[in-house]
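These notes are about the structure you will find just below.
Any read-out appearing in this document is the output of simple, stated calculations on the displayed coordinates, not a laboratory observation. Please read these numbers as outputs of a predicted model, since none were measured by experiment. In this analysis, Cβ positions are derived from the backbone assuming ideal geometry, glycine residues included, and neighbour counts consider all displayed protein chains.
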Amino acid sequence: MTILQFFLWSLLKVAVVTVVMLLGVAYTVLLERKLVGRIQNRYGPNRVGPFGLLQPLVDGAKSFLKEDVIPDGVYKPLYLLAPILSLGCALISIAVVPFGEPSVGPKGMPLFQISDVNIGLLVILAVTSIGVYGIALAGWSSNNKYSLLGSLRSSAQMISYELALGMSLVGVVMRAGTFNLRLIVEQQATKGIATWNIFGGLQFVAFFIYLIAAFAETNRSPFDLVEAESELVAGYHIEYSSMKFAMFFMAEYGSMIMVGCVATLMFLGGWTSPFGDLIPAPQNILVHAFVPIFWFVFKVFCFLFLYVWVRGTLPRFRYDQLMGFGWKYLMPLAMLNILATSIWLAYRS
Amino acid sequence: MHLILFIIFAGFCLAGAINLLLQSHPINSALSLIVVMSSLAVLYLLLGAEFLAAAQVIVYAGAIMVLFTFVVMLLNAGREERTLGSRAARVVGFPAVVVILSVIASVIVKAQGLGTAGLHQGITSTTELSKVLFTELLLPFEVTSVLILIAILGAVALARRGHGEQPFEAEPRTNGERTASK
């Protein structure tokens, strides 16, 4: 494979994945509005297109066409940089996610993963940790006290919960012995649901720590103190309008999808079927290629469904409760989980 | 390919470092430092140290620098005041920098048995790294971690001492006020 071929293939994959990801973001918003509507006993958007299915497209057009107001008091370079940083970090980490059978593809080129990196998991964590700056800078450069309070809350919250998040994944990494996401999935693939890390790997404690930390990390309810509208108006993005506001919005949903992808890869067996070998592998090459993608998308969808469900059900935490919970309960629990996993692995080997 | 990437990111690194010194606003300086650290991570990656590269971004660019920007935001530090500076600093400073840099450079160049690092010599996997870290370099590794632990305990002790001077019943009283106001 020449460099040119590699370059063209990668470009094609990046284009397809970006379009799919952005569509996913748009329809996650619709999913949330519909589902929260049902939970609150109303319909949700149902006027544009059949069942309101065209709503996201219309919303996108609306945010493009609205007037873009830049307030006088803002510090302009950072004010403009912040939404780009936020959205960029939310979208970029999909590059290392494997969402299908790696063996399918011409000339040894994996078709369903943009790049197969040895340190895939660390890349995702690194990009997430850079993403904090988007929110922090947005709040500070807006020159507004509510924005600043929101962004300070968010940075503190994200740094605190990043620790618990990272440590909850250590158990899985120890079991697999690698940071490579493809190998982590393949290690869980042998007997379907029985060998997934959450069940067979006995990592259910880690899964719940990850789940809670992920909610906090993406600033979602019940940890959405960053934009607690009753206290802070809208938090860090008060001063943003039009497409710049939409970029923050997309970043939030993009990182939700990303967190769902990581949960799927690390705990729920990635693209593998929950039935393992019970159902024989399909002979048709097309079916063989697309069934794994179906499972992957289905698992991520379940995770997003859970996200919305929690948002529709639970009230918001108080800020000191949030911090105390993160540092006093989640962190020690994550450490205990690492200890228990390593003792178990040492006993087994 | 490696060389092109090296030139690009070494350029970013130098530009960030120079910008760090020239900017008068602390937050711009902090952001240039992030650029420096991230491009250093790419340079590590080019040398095949993938774990180090990821750790550099996660720890330095992602955690430590967030705290820096945090402090800048909280203190709302304004623009740095330009002073003309003393003439002695200029006369002595620049030659001193040149002398120190040349001393360091000559020591490194003359040192024996340093070996060389190529830009594409393959990648050191995390497994190899941890094997070295937990066998040959175990003592320095553990001593460093104890050092960090001591630093953490020191920080906690300092923070607590400031906290202890406040009246002890502060927390119940605020709770009482909250219920009373309802």
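For this structure, a couple of remarks:
- Ranked packing of A:41-50, B:53-62, most packed first, by mean Cβ within 10 Å: B:53-62, A:41-50
- Axial C-alpha extent at least 20 Å, average Kyte-Doolittle at least 1.0 - helices from chain A (DSSP): A:3-39, A:76-92, A:120-141, A:242-266, A:285-313, A:331-348
- Highest-first arrangement of B:23-29, A:267-273, B:127-133, where packing means the average Cβ count within 10 Å: A:267-273, B:23-29, B:127-133
- Links that overshoot a 20 Å alpha carbon limit, given the list A:LYS76/A:LYS244; A:LYS66/A:LYS244; A:LYS244/A:LYS299; A:LYS66/A:LYS145; A:LYS13/A:LYS299: A:LYS244/A:LYS299; A:LYS66/A:LYS145; A:LYS13/A:LYS299
- Partner chain coverage, peptide B:58-66 - average Cβ within 10 angstrom: 5
- For the protein assembly as shown: rounded, prolate or oblate by the Cα gyration tensor [a/c cutoff 1.5]: rounded
- Charge dipole magnitude, Cβ of K and R +1, D and E -1 - the protein assembly as shown, Cα centre, debye nearest 20: 400 debye
- Alpha-carbon centroid distance for the pair the stretch A:40-65 / the stretch A:186-252, whole angstrom: 24 Å
- Unit charges at the beta carbon, dipole of the protein assembly as shown: most positive-side option, B:LEU20, A:LEU53, B:VAL91: A:LEU53
- Net charge of Cβ neighbours under 14 Å - reference B:GLU128; Lys, Arg +1; Asp, Glu -1: -1
- Ordering A:LYS244, A:LYS191, A:LYS62 by the number of other Cβ atoms within 10 Å of each residue's own Cβ, fewest first, gives A:LYS62, A:LYS191, A:LYS244.
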